[in-house]
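First up is the structure itself, then whatever we jot down about it.
Here, each number is a calculation from the coordinates, and none is a lab measurement. Keep in mind that this is a model prediction, so the values were computed, not measured. Glycine gets a Cβ as well: all are built from the backbone with ideal geometry, and neighbour counts include every protein chain shown.
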Amino acid sequence: MFLPHITVDATGHSVLNEVDLKMTGPGGAAAGGDVYFQRIQAAQQPVIDWRIGHALPGHFVDFTPSDANTFIAVFSGQMNVIVSNGEERQLARGDMMLMQDIGGQGHMTRFLGQEACNYLMITMPGGFK
């Protein structure tokens, strides 16, 4: 499973890429064949805090870096995340993203669509394991 991922390059610009989260079936079975259920196999993840956000369409947050390694999951609505090199990614219900643009210029967020955007932000020390 590929997850959108924001990092910072050597020049301090935030950039979009993807991180591959390996998935396996129950008991570690390889995906495919008779395996209809898969999950991400990751180490236990320490969490600093979690927050639920709510933003109305049209709300805008100018360029700002993440204050820590943050995982975001969108429950409803839409958000458009723009990094400092101009790339953008639209997130909607069910989408997730890992934000690790702690230094540099950061990213910009614009909330789109017809309904409020509700999302979960999980702050993790040291990033996603």
**Prompt:** Spin-label point model (7 Å from Cα, Cβ direction): what's the residue 87 to residue 115 distance in nm?
**Reply:** 2.9 nm
**Prompt:** Shape of region 47-94 from its Cα gyration tensor (a ≥ b ≥ c, root eigenvalues): rounded if a/c is under 1.5, otherwise prolate when a/b > b/c, or oblate?
**Reply:** oblate
**Fill in**
Between residue 56 and residue 123, the FRET efficiency computed from the C-beta separation at R0 = 30 Å comes out, to the nearest 0.05, as 0.80
